[in-house]
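The values are calculated or read from the model by the stated rules, or taken from the named source; none is laboratory data. Fair warning: this is a prediction, and the values are worked out from it, not measured in the lab. In this analysis, Cβ positions are derived from the backbone assuming ideal geometry, glycine residues included, and neighbour counts consider all displayed protein chains. Calculation scope for accessible area: heavy atoms of the full protein, side chains included, ligands and nucleic acids excluded. Shrake-Rupley method; radii C 1.70, N 1.55, O 1.52, S 1.80 Å.
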Amino acid sequence: MGKAKIKAKEKKGVVKVKAMFTSLMADKEEATKKGIEASYIKQIVASINGAVVYEISMSGFMSENPLLKFKTKGGKKGDKIEFVVTDNHGKSTTSKKKIK
Amino acid sequence: MDRRKFFKGVGLVAFAAIVAPTTELKAVDFRATKPEAWQAEKTADGIKALFGNGAVTQSDKISFKAPKLAENGGSIPITIKSKLDLETIALFQDANPRSLSCVFSVPKGAIIEYDFRIKMRQTAFVTVVGKTRDGKLYSATKEIDVSIGGCGG
(Lines give C-alpha, C1' and ligand atoms only; values in the text may rest on other atoms or scores of the structure.)
Protein backbone atom coordinates (compact mmCIF):
# COMPACT_ATOMS: atom_id res chain seq x y z
CA MET A 1 0.00 0.00 0.00
CA GLY A 2 1.27 3.36 -0.92
CA LYS A 3 1.01 6.89 0.24
CA ALA A 4 -2.06 8.91 1.10
CA LYS A 5 -2.64 12.45 -0.05
CA ILE A 6 -4.66 14.43 2.44
CA LYS A 7 -5.98 17.97 2.33
CA ALA A 8 -7.92 19.44 5.23
CA LYS A 9 -9.13 23.00 5.51
CA GLU A 10 -11.19 24.72 8.17
CA LYS A 11 -13.75 27.42 7.39
CA LYS A 12 -16.28 28.72 9.89
CA GLY A 13 -16.01 25.69 12.13
CA VAL A 14 -16.43 23.16 9.35
CA VAL A 15 -13.45 21.14 8.24
CA LYS A 16 -13.46 20.07 4.62
CA VAL A 17 -11.37 17.00 4.03
CA LYS A 18 -10.19 15.51 0.77
CA ALA A 19 -8.14 12.37 0.82
CA MET A 20 -6.77 10.07 -1.83
CA PHE A 21 -5.27 6.68 -1.16
CA THR A 22 -3.21 4.58 -3.50
CA SER A 23 -4.57 1.11 -3.93
CA LEU A 24 -5.38 -1.05 -6.93
CA MET A 25 -8.72 -1.96 -5.36
CA ALA A 26 -8.66 -5.31 -7.13
CA ASP A 27 -11.16 -7.84 -5.83
CA LYS A 28 -10.91 -11.57 -6.47
CA GLU A 29 -12.36 -11.57 -9.99
CA GLU A 30 -10.42 -8.58 -11.21
CA ALA A 31 -7.20 -9.87 -9.71
CA THR A 32 -7.45 -13.22 -11.50
CA LYS A 33 -8.10 -11.45 -14.79
CA LYS A 34 -5.04 -9.28 -14.40
CA GLY A 35 -2.98 -12.10 -12.91
CA ILE A 36 -2.19 -10.29 -9.70
CA GLU A 37 -2.94 -10.87 -6.07
CA ALA A 38 -6.19 -9.43 -4.73
CA SER A 39 -5.46 -6.22 -2.91
CA TYR A 40 -7.90 -3.64 -1.72
CA ILE A 41 -8.51 -1.34 1.21
CA LYS A 42 -10.91 -2.78 3.76
CA GLN A 43 -11.40 0.08 6.09
CA ILE A 44 -10.49 3.73 6.51
CA VAL A 45 -10.94 5.52 9.80
CA ALA A 46 -10.30 9.23 10.23
CA SER A 47 -9.98 10.90 13.59
CA ILE A 48 -9.26 14.34 14.96
CA ASN A 49 -7.90 14.63 18.51
CA GLY A 50 -8.74 11.00 19.20
CA ALA A 51 -12.40 11.25 18.19
CA VAL A 52 -13.57 9.34 15.13
CA VAL A 53 -15.03 11.70 12.55
CA TYR A 54 -15.29 9.38 9.56
CA GLU A 55 -15.39 5.66 9.10
CA ILE A 56 -15.86 3.60 5.96
CA SER A 57 -15.64 -0.12 5.31
CA MET A 58 -15.43 -1.10 1.69
CA SER A 59 -15.15 -3.94 -0.78
CA GLY A 60 -13.04 -4.10 -3.90
CA PHE A 61 -15.74 -2.38 -5.92
CA MET A 62 -14.70 1.11 -5.05
CA SER A 63 -12.70 2.75 -7.81
CA GLU A 64 -8.95 2.53 -8.08
CA ASN A 65 -7.08 4.96 -5.84
CA PRO A 66 -10.17 5.84 -3.81
CA LEU A 67 -10.83 9.55 -3.44
CA LEU A 68 -12.93 10.50 -0.44
CA LYS A 69 -14.39 13.87 0.41
CA PHE A 70 -16.28 14.78 3.54
CA LYS A 71 -17.05 17.58 5.97
CA THR A 72 -16.85 17.50 9.73
CA LYS A 73 -17.35 19.88 12.63
CA GLY A 74 -14.95 18.11 14.94
CA GLY A 75 -11.80 20.13 14.41
CA LYS A 76 -10.14 23.49 14.08
CA LYS A 77 -7.05 25.06 12.59
CA GLY A 78 -3.82 23.46 13.73
CA ASP A 79 -5.40 20.19 14.82
CA LYS A 80 -4.12 17.02 13.29
CA ILE A 81 -6.30 14.67 11.30
CA GLU A 82 -5.24 11.06 11.38
CA PHE A 83 -6.14 8.39 8.84
CA VAL A 84 -5.81 4.71 9.59
CA VAL A 85 -6.06 2.54 6.49
CA THR A 86 -6.42 -1.24 6.73
CA ASP A 87 -6.02 -3.43 3.65
CA ASN A 88 -7.32 -6.93 2.93
CA HIS A 89 -4.19 -8.53 4.36
CA GLY A 90 -4.86 -6.85 7.67
CA LYS A 91 -1.93 -4.47 7.34
CA SER A 92 -2.64 -0.94 8.48
CA THR A 93 -0.88 2.34 7.87
CA THR A 94 -1.36 5.67 9.57
CA SER A 95 -1.00 9.06 7.96
CA LYS A 96 -1.37 12.43 9.62
CA LYS A 97 -1.97 15.93 8.34
CA LYS A 98 -2.41 19.31 9.96
CA ILE A 99 -5.68 21.13 9.35
CA LYS A 100 -5.12 24.42 7.60
CA MET B 1 25.66 -3.68 23.21
CA ASP B 2 23.92 -1.61 25.85
CA ARG B 3 23.39 1.15 23.38
CA ARG B 4 21.82 -1.22 20.92
CA LYS B 5 19.47 -2.58 23.55
CA PHE B 6 18.50 0.92 24.53
CA PHE B 7 17.50 1.86 21.01
CA LYS B 8 15.56 -1.34 20.58
CA GLY B 9 13.59 -0.54 23.71
CA VAL B 10 12.82 2.99 22.60
CA GLY B 11 11.70 1.74 19.22
CA LEU B 12 9.31 -0.74 20.78
CA VAL B 13 7.77 1.86 23.05
CA ALA B 14 7.27 4.25 20.17
CA PHE B 15 5.71 1.49 18.09
CA ALA B 16 3.29 0.56 20.87
CA ALA B 17 2.31 4.20 21.33
CA ILE B 18 1.39 4.46 17.66
CA VAL B 19 -0.46 1.17 17.43
CA ALA B 20 -2.40 1.20 20.70
CA PRO B 21 -4.80 4.12 20.13
CA THR B 22 -5.65 3.08 16.57
CA THR B 23 -7.11 -0.26 17.66
CA GLU B 24 -9.43 1.49 20.10
CA LEU B 25 -10.71 3.92 17.52
CA LYS B 26 -12.47 1.36 15.39
CA ALA B 27 -16.09 1.71 16.35
CA VAL B 28 -17.55 -0.99 14.14
CA ASP B 29 -15.56 -3.19 11.81
CA PHE B 30 -18.23 -4.23 9.35
CA ARG B 31 -15.88 -6.59 7.55
CA ALA B 32 -15.55 -8.63 10.73
CA THR B 33 -19.03 -8.36 12.23
CA LYS B 34 -21.08 -8.90 9.07
CA PRO B 35 -19.04 -11.17 6.82
CA GLU B 36 -22.10 -12.61 5.06
CA ALA B 37 -23.23 -9.17 3.88
CA TRP B 38 -20.03 -8.80 1.86
CA GLN B 39 -20.69 -12.09 0.08
CA ALA B 40 -24.29 -11.38 -0.96
CA GLU B 41 -24.80 -11.24 -4.71
CA LYS B 42 -28.08 -9.34 -4.87
CA THR B 43 -29.00 -6.03 -3.32
CA ALA B 44 -31.99 -7.45 -1.45
CA ASP B 45 -29.91 -10.22 0.13
CA GLY B 46 -27.22 -7.75 1.06
CA ILE B 47 -29.67 -5.45 2.82
CA LYS B 48 -31.09 -8.39 4.74
CA ALA B 49 -27.66 -9.58 5.79
CA LEU B 50 -26.51 -6.15 6.91
CA PHE B 51 -29.62 -4.60 8.42
CA GLY B 52 -31.85 -7.57 9.23
CA ASN B 53 -35.44 -8.06 8.12
CA GLY B 54 -36.78 -4.58 8.89
CA ALA B 55 -39.01 -2.77 6.42
CA VAL B 56 -37.13 -0.44 4.09
CA THR B 57 -38.91 2.80 3.20
CA GLN B 58 -38.16 4.67 0.02
CA SER B 59 -37.50 8.21 1.08
CA ASP B 60 -36.31 11.50 -0.32
CA LYS B 61 -34.70 12.31 3.01
CA ILE B 62 -31.68 10.47 1.77
CA SER B 63 -30.45 11.95 -1.45
CA PHE B 64 -27.61 10.79 -3.53
CA LYS B 65 -26.13 12.29 -6.61
CA ALA B 66 -24.82 10.16 -9.41
CA PRO B 67 -24.45 10.63 -13.15
CA LYS B 68 -27.25 9.15 -15.26
CA LEU B 69 -24.78 8.03 -17.84
CA ALA B 70 -21.34 7.04 -16.70
CA GLU B 71 -18.78 6.94 -19.48
CA ASN B 72 -16.18 5.20 -17.43
CA GLY B 73 -17.46 2.38 -15.27
CA GLY B 74 -14.16 2.29 -13.41
CA SER B 75 -14.85 5.49 -11.58
CA ILE B 76 -18.36 6.74 -10.98
CA PRO B 77 -18.61 9.73 -8.66
CA ILE B 78 -21.32 9.47 -6.01
CA THR B 79 -22.38 11.97 -3.36
CA ILE B 80 -24.62 10.96 -0.47
CA LYS B 81 -26.39 13.68 1.47
CA SER B 82 -28.87 13.46 4.29
CA LYS B 83 -30.17 15.54 7.14
CA LEU B 84 -31.41 12.52 9.09
CA ASP B 85 -29.63 11.32 12.21
CA LEU B 86 -28.18 8.24 10.62
CA GLU B 87 -26.05 5.59 12.20
CA THR B 88 -25.10 3.50 9.20
CA ILE B 89 -25.15 4.14 5.48
CA ALA B 90 -24.51 1.43 2.92
CA LEU B 91 -24.29 1.43 -0.84
CA PHE B 92 -25.37 -1.59 -2.87
CA GLN B 93 -25.30 -2.21 -6.62
CA ASP B 94 -26.32 -5.09 -8.85
CA ALA B 95 -23.52 -4.70 -11.38
CA ASN B 96 -20.68 -6.55 -9.70
CA PRO B 97 -20.26 -10.14 -8.49
CA ARG B 98 -20.97 -9.01 -4.94
CA SER B 99 -23.41 -6.24 -4.27
CA LEU B 100 -22.08 -4.36 -1.25
CA SER B 101 -19.70 -1.54 -2.14
CA CYS B 102 -19.16 0.35 1.06
CA VAL B 103 -20.55 0.95 4.51
CA PHE B 104 -20.19 4.19 6.46
CA SER B 105 -20.55 4.24 10.18
CA VAL B 106 -21.52 7.79 11.02
CA PRO B 107 -20.25 9.40 14.23
CA LYS B 108 -22.82 11.32 16.28
CA GLY B 109 -23.56 14.81 15.06
CA ALA B 110 -21.59 14.41 11.86
CA ILE B 111 -22.47 16.26 8.68
CA ILE B 112 -23.63 13.65 6.20
CA GLU B 113 -22.15 14.68 2.93
CA TYR B 114 -19.93 11.94 1.59
CA ASP B 115 -18.19 11.94 -1.73
CA PHE B 116 -16.57 8.87 -3.21
CA ARG B 117 -16.24 6.86 -6.40
CA ILE B 118 -17.29 3.31 -7.20
CA LYS B 119 -16.73 0.75 -9.91
CA MET B 120 -19.50 -0.82 -11.93
CA ARG B 121 -19.29 -3.55 -14.50
CA GLN B 122 -22.55 -2.85 -16.31
CA THR B 123 -25.72 -0.78 -16.24
CA ALA B 124 -27.56 -1.46 -13.01
CA PHE B 125 -29.51 -0.08 -10.10
CA VAL B 126 -27.66 1.49 -7.23
CA THR B 127 -29.32 1.57 -3.82
CA VAL B 128 -28.30 3.62 -0.82
CA VAL B 129 -29.71 2.43 2.50
CA GLY B 130 -29.47 4.42 5.68
CA LYS B 131 -30.30 3.29 9.20
CA THR B 132 -31.35 5.90 11.76
CA ARG B 133 -30.33 5.66 15.39
CA ASP B 134 -33.81 4.44 16.32
CA GLY B 135 -33.55 1.57 13.86
CA LYS B 136 -35.61 2.75 10.88
CA LEU B 137 -34.41 2.01 7.38
CA TYR B 138 -34.61 4.46 4.50
CA SER B 139 -33.43 3.95 0.98
CA ALA B 140 -32.94 5.70 -2.33
CA THR B 141 -32.45 3.99 -5.67
CA LYS B 142 -31.12 5.17 -9.00
CA GLU B 143 -30.21 3.53 -12.26
CA ILE B 144 -26.81 4.29 -13.67
CA ASP B 145 -25.97 3.60 -17.31
CA VAL B 146 -22.46 2.39 -17.85
CA SER B 147 -21.07 2.53 -21.36
CA ILE B 148 -17.63 1.05 -20.72
CA GLY B 149 -17.51 -1.43 -17.88
CA GLY B 150 -14.93 -0.95 -15.20
CA CYS B 151 -13.80 -3.56 -12.73
CA GLY B 152 -11.67 -5.32 -15.33
CA GLY B 153 -14.77 -6.29 -17.29
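In table form, for the structure just shown:
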{"read-out": "Matching residues in segment A:27-39 - criterion: being buried (at least 22 other Cβ atoms within 10 Å of the Cβ) and closer than 19 Å to B:Phe30 by Cα", "value": "A:Asp27"}
{"read-out": "Matching residues, segment A:50-100, being surrounded by fewer than 22 Cβ atoms within 10 Å (Cβ to Cβ), among the hydrophobic types (A, V, I, L, M, F, W, C) and not in a strand (DSSP E or B)", "value": "A:Ile99"}
{"read-out": "Matching option when the condition is more than 23 Å from B:Asn72 (Cβ to Cβ), β-branched (Val, Ile, Thr) and at the interface with another protein chain (Cβ under 7 Å from one of its Cβ atoms), among A:Val52, A:Val85", "value": "A:Val52"}
{"read-out": "All positions within segment A:55-78 that are touching a Ser or Thr at 6+ places or on another chain (Cβ under 9 Å) and within 7 Å of another protein chain (Cβ to nearest Cβ)", "value": "A:Glu55, A:Ile56, A:Ser57, A:Met58, A:Ser59, A:Phe61, A:Met62, A:Ser63, A:Glu64, A:Pro66, A:Leu67, A:Lys69"}
{"read-out": "Wholly enclosed strands (runs of 3 or more DSSP E) of segment B:45-153 bearing at least 1 residues touching a residue at least 12 places away in the same chain (Cβ under 8 Å), at the interface with chain A (Cβ under 8 Å from one of its Cβ atoms) and over 29 Å from A:Gly74 (Cα atoms)", "value": "B:86-93"}
{"read-out": "Complete set of residues in segment B:111-143 that are small (Gly, Ala, Ser) and under 16 Å from the mean Cα position of the chain (by Cα)", "value": "B:Gly130, B:Ser139, B:Ala140"}
{"read-out": "Which numbered condition B:Asp45 misses (of (1) open to solvent by less than 20 Å² (accessible area, probe 1.4 Å); (2) within 19 Å of A:Ser57 (Cα to Cα))", "value": "(1)"}
{"read-out": "Residue that is closer than 19 Å to B:Lys108 by Cα and free of Cβ contacts under 8 Å to residues at least 60 places away in the same chain, where the choices are A:Val84, A:Val45, A:Val17", "value": "A:Val45"}
